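Derivation of every value follows stated rules applied to the coordinates shown; laboratory data play no part. As the structure is a computational prediction, the values presented were derived from the model and not from experiment. Cβ atoms come from the backbone with ideal geometry, glycine included; neighbour counts cover every protein chain shown.
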Amino acid sequence: MAIIFPEGTQDFPGKACQIKLGTYTSQATINPGSSWIHSGLSVTITPTNSSNKILVLAKLEASSGNNNYITCARLYRGTTHVSGATSPSNGSRPGTWATHGTQDYNNYGRHDLIGAYIDSPSTTSATTYRVYVRDLRDNGNIYINRGYYDENSGSNPVGNSWMMAIELEDS
């Protein structure tokens, strides 16, 4: 596919040939402790050609609260961490796909963990992508699609999270 700009033609590697959307609208409290745990957000796509790539986009609404500060996400294909985020060779800092942290005791705060990744699954079998989460500082609770305070009032809205898998045709 090419797009003609005034400066010249720009070639792109292919076209989108399939799009799948996964949504997660439930409100949840999860406590991964010192492990990465599935947030509930996932999407499954069956590639039509093993050489095609998959563009994965995700928005996970999350909060921590109660003085827990660092909410992190990783992308997994099946049970394999694939987001390319790895620890540096000279330290113990974990790699994450998306991270949000606050130090302001903001128990009403929420944030969207947003990520994009191009994967090469090399298969034509159904492939499931999942977002895993963890509080890296305190190993505390993570609240999905809701805030730390979960009172039934107009000041505590509920949210939603989504994940999209787009198969990109190899050109």
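List of remarks:
- Counted charge near G33, where neighbours are those whose Cβ lies closer than 12 Å (Asp, Glu -1; Lys, Arg +1): -1
- Full extension of the chain between T80 and D112 gives 9.2 nm of extra length, using 0.36 nm per residue less the Cα-Cα distance.
- Residue-wise HN-Hα coupling along the range 38-55, computed from phi with Karplus coefficients 6.51, -1.76, 1.60 (Hz; x: Gly, Pro): 5, 7, x, 8, 7, 8, 10, 9, 10, x, 8, 8, 5, 8, 6, 9, 10, 8
- Separation of the D138 and T29 label points, Cα + 7 Å toward Cβ, nm: 1.3
- Label reach from V158 (point 7 Å along Cα→C-beta): in the range 26-43, amide nitrogens under 11 Å belong to 26-28.
- Neighbourhood net charge (12 Å Cβ-Cβ; Lys/Arg +1, Asp/Glu -1) for L55: 0
- Formal net charge of residues neighbouring S120 (Cβ-Cβ distance under 14 Å; K, R +1; D, E -1): -2
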